[in-house]
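Below is one structure, written out as structure tokens; comments come after it.
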Amino acid sequence: MPLSDAPTEDLADLYENAPCGYVSLSPDARIVKLNRTLAEWLGSTSDSLVGKPFYDLLSFGGRIAFETHLAPLLRLQGFVNELALDLLKLDGSKIPIIANAAEKRDSEGRHLFTRLTVFKAVDRRSYERGLIAARAEAEAAVGAEHEAAALREQFIAVLGHDLRNPLAALAAGARMLGERENLSGRGRVVVKEMSASIARAAALVGNLLDFARGRLGGGLTLTRDPDPPLIKVLEQVVSEVRAIAPDREIVTDFSITEPVDCDPARIAQLAANLVSNAVTHGAAGVPIEVDARTQDGVFTLSVINGGVPIPPEARAQLFQPYVRGRAGQSRQGLGLGLFIVDEIARAHGGSVEVVSTDEETRFTFTMPLTPH
């Protein structure tokens, strides 16, 4: 089609029926002109709105925004972009809009008009309000979770503290029965099993208290000894685990030839948790290896067991509280053992790492021989 035959745009119609609203205001903010689109949005006509204060079309919040944002910025820079306002229809309902505004001045700088282009923002405002509501719900959920976690940890602290005395009494009673009473063979077996169960419960309570100290303030406390008898300490740990799990073979290799400045009771706790973990999760027919040595200024303790490797997704959260063994496994315990191991390692300026393959799962604790 030749250019001369192409239809021409009707500028008057473009103004009146544009897909957005146009309004021009006098310096005193009265409506001088507006298009049909905006008038229809407001449920009125252009002729009936000309001469009225623009304020009459604004909600209360819109009037505040006009006075505190739109008018000052227009005076400073001559334009404002993307200002959110609410216009009022004749029936009192609100129309959320986004407005761009610019001043029209004459050659001498006198203010003639303020021109506004208005876009409906119903969907956008609903989306924004939905986002705000979702954020508020998420923050409330996080706050509730934090509160629940704090209450849970306070409960754990109280529970652990209150269980220590009855457990100590049970342990003393079982020890007295075993040492002073003339028991039958069956009776001795029962007392031995009772003592093992009490020892396990005491270890769980110790983990509970350490967890509570770490979470509720104070952290783990250390009573360091510059040269403790670590071989004897570790042998005692292994002996106690053997008594609890007599059907499991535990092989040791200790070569501690230099002093290790540490808390021997905490190292015993760390070792007991690692060896107990190997008993719980390792393959029954594969010996558990416990290796400890000093070399190149570092103390290293490794516990190795066979069995199914730990999946990578489980390894990523293995040292977090309430995680029990491999993903999907249901085991006895609170899931605090490896968390406490990691806390003890950190308190000594060391670390604990795990490598798990088809051949073996190896937990390795390392720390400097002397504090840095």
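Here are the criteria: (1) loosely packed, with under 14 Cβ neighbours inside 10 Å; (2) farther than 24 Å from Ala12 by Cβ; (3) without any contact (Cβ under 8 Å) to a residue 40 or more places away in the chain; (4) acidic (Asp, Glu). Tell me which single one Asp91 does not satisfy.
(3)
Scan segment 103-113 and give yes if some residue there is of a type outside the set (Gly, Ala, Ser), modelled with pLDDT of 80 or more, touching a helix residue (DSSP H, G or I) at 6+ places or on another chain (Cβ under 6 Å) and in a helix (DSSP H, G or I), otherwise no.
Within segment 103-113, none of the residues are of a type outside the set (Gly, Ala, Ser), modelled with pLDDT of 80 or more, touching a helix residue (DSSP H, G or I) at 6+ places or on another chain (Cβ under 6 Å) and in a helix (DSSP H, G or I).
Of everything in segment 311-350, what is open to solvent by 50 Å² or more (accessible area, probe 1.4 Å) and modelled with pLDDT of 90 or more? Give them in sequence order.
Within segment 311-350, Arg346, Gly349 meet the criteria.
For segment 355-368, name all the residues that are surrounded by fewer than 16 Cβ atoms within 10 Å (Cβ to Cβ), free of Cβ contacts under 8 Å to residues at least 60 places away in the same chain and either part of a strand (DSSP E or B) or under 28 Å from the mean Cα position of the chain (by Cα) (or both).
Listed by number, the list holds a single entry, Val355.
I need the full set of residues from segment 34-63 which are in contact with a Phe, Trp or Tyr (Cβ under 8 Å, 6 or more places away or on another chain) and either open to solvent by less than 50 Å² (accessible area, probe 1.4 Å) or part of a strand (DSSP E or B) (or both), in order please.
Leu34, Asn35, Thr37, Leu38, Phe54, Leu58
What are the residue pairs meeting all of these: first residue in segment 52-63, first residue closer than 17 Å to Trp41 by Cβ and hydrophobic (A, V, I, L, M, F, W, C), second residue at pLDDT 90 or above and in a loop (DSSP other than H, G, I, E, B), Cβ atoms under 8 Å, and 6 or more apart or on different chains?
Once the first residue is closer than 17 Å to Trp41 by Cβ and hydrophobic (A, V, I, L, M, F, W, C) and sits in segment 52-63, its partners that are at pLDDT 90 or above and in a loop (DSSP other than H, G, I, E, B) give Phe54/Ala29; Leu57/Leu42.
Considering only segment 64-88, how many residues are open to solvent by less than 90 Å² (accessible area, probe 1.4 Å) and outside any helix (DSSP H, G or I)?
Here the count works out to 8.
Are any residues in segment 241-259 open to solvent by 40 Å² or more (accessible area, probe 1.4 Å), assigned to a loop (DSSP other than H, G, I, E, B) and β-branched (Val, Ile, Thr), and if so, which ones?
Within segment 241-259, just Thr257 meets the criteria.
List every residue pair whose Cβ atoms sit under 8 Å apart, with the two residues 6 or more apart in sequence or on different chains, where the first one lies in segment 177-196 and is under 20 Å from Leu167 (Cα atoms) and the second, anywhere, is hydroxyl-bearing (Ser, Thr, Tyr) and part of a helix (DSSP H, G or I).
Gly178/Ser195
Give segment 260-301 a look and list any residue that's assigned to a strand (DSSP E or B) and among the polar types (S, T, N, Q), or say none.
Within segment 260-301, Thr294, Gln295, Thr300 meet the criteria.
Given (1) surrounded by fewer than 16 Cβ atoms within 10 Å (Cβ to Cβ); (2) assigned to a helix (DSSP H, G or I), identify the lone condition not met by Ala18.
Checking Ala18 against (1) surrounded by fewer than 16 Cβ atoms within 10 Å (Cβ to Cβ); (2) assigned to a helix (DSSP H, G or I), the one that fails is (2).
The values are calculated or read from the model by the stated rules, or taken from the named source; none is laboratory data. Note that the structure is predicted; figures quoted are calculated from it, not measured. Here Cβ is always computed from backbone atoms with ideal geometry, including for glycine, and neighbour counts include all displayed protein chains. Keep in mind that these areas ignore ligands, DNA and RNA; they rest on the heavy atoms of the full protein, side chains included. Shrake-Rupley method; radii C 1.70, N 1.55, O 1.52, S 1.80 Å.
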